[in-house]
Amino acid sequence: YSVLEEVKLLHRSDFTVVTGAPRDDFKGSVILAEKQGQLLPLMTIPGEQIGSYFGSCLAVADLNNDDWNDLIVGAPFYFDRYKEEGGAVYVFMNENGSFQKKASLVLKGHKGSGFGFAVAAVGDVNQDGFQGTAL
């Protein structure tokens with residue numbers, strides 16, 4: 001599924017490997033690891049809902065200009081039958097090299113929309129000084 005390697009996630013200058021595991025423990029997860037000859041998992045962020053495919057797509061971008069990369073995670077099969085919602089994107093704001101296991105922001109799509117199938121960092125496309133994302 002999704003794997004990326006980026007600086008300014010857990011360390012300012014060292015690379016962190018981020019991998020999505022959308023079927024881990026049925027709810028999906030995102031694993032942050034560092035390379036020390038082999039990959040050493042440092043943190044796991046679990047998904048919330050069985051079958052949501054949390055972690056199927058990933059992106060990183062500095063969304064708030066604090067010089068730390070934030071984590072964006074797709075869960076395209078998330079649903080809430082009572083609210084007619086389908087698909088979700090979770091935003092985890094970086095707190096000086098660490099992440100909470102609960103998302104800072106959860107965006108949800110309409111039922112059947114597949115929202116969260118793709119997420120991407122697109123740079124500062126509108127030149128407002130902030131990095132943008134495409135969802």
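Any residue at all in the stretch 44-53 that's charged (D, E, K, R), over 13 Å from residue 3 (Cα atoms) and free of Cβ contacts under 8 Å to residues at least 60 places away in the same chain?
Taking the stretch 44-53 and keeping what is charged (D, E, K, R), we get 48.
Narrowing further to those that are over 13 Å from residue 3 (Cα atoms): 48.
Checking which are free of Cβ contacts under 8 Å to residues at least 60 places away in the same chain leaves us with 48.
Yes: one or more hits.
Quickly run through the stretch 101-135 and pick out the residues that are aromatic (Phe, Trp, Tyr) and surrounded by 16 or more Cβ atoms within 10 Å (Cβ to Cβ).
115, 117
Go through the stretch 63-93 residue by residue and tally those that are touching a residue at least 40 places away in the same chain (Cβ under 8 Å) and either part of a strand (DSSP E or B) or under 19 Å from residue 2 (Cα atoms) (or both).
In the first step, residues of the stretch 63-93 are kept if they are touching a residue at least 40 places away in the same chain (Cβ under 8 Å); the result is 63-65, 67-69, 71-76, 89, 92.
The next check asks that each one be either part of a strand (DSSP E or B) or under 19 Å from residue 2 (Cα atoms) (or both); those that pass are 69, 71-76, 89, 92.
Selection size over the stretch 63-93: 9.
Please pick out the residue among 13, 98, 52 that is assigned to a loop (DSSP other than H, G, I, E, B) and surrounded by 15 or more Cβ atoms within 10 Å (Cβ to Cβ). Explain how you work it out, then say what you get.
Working: 13 fails: surrounded by 15 or more Cβ atoms within 10 Å (Cβ to Cβ); 98 fails: surrounded by 15 or more Cβ atoms within 10 Å (Cβ to Cβ).
Sole residue among the options that is assigned to a loop (DSSP other than H, G, I, E, B) and surrounded by 15 or more Cβ atoms within 10 Å (Cβ to Cβ): 52.
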*Could you check residue 18 against (1) in contact (Cβ under 8 Å) with a residue 24 or more places away in the chain; (2) over 30 Å from residue 129 (Cβ atoms) and say which number it fails?*
(2)
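So which residues in the stretch 1-51 are hydroxyl-bearing (Ser, Thr, Tyr) and either within 12 Å of the chain's Cα centre (by Cα) or closer than 19 Å to residue 77 by Cβ (or both), if there are any at all?
Start the filter on the stretch 1-51 by keeping residues that are hydroxyl-bearing (Ser, Thr, Tyr), which leaves 1-2, 13, 16, 19, 29, 44.
Passing the criteria: 1, 2, 19, 29, 44.
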*Of residues in the stretch 78-132 being of a type in the set (D, E, K, R) and farther than 26 Å from residue 14 by Cβ, the one nearest to the chain's Cα centre (by Cα)*: 108
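No lab work stands behind these numbers, since they all come straight from the coordinates. Here the structure is a predicted model, which is why all the values come from computation and not from measurement. Neighbour counts are summed over all protein chains in view; Cβ atoms, including those assigned to glycine, are modelled from backbone coordinates with ideal geometry.
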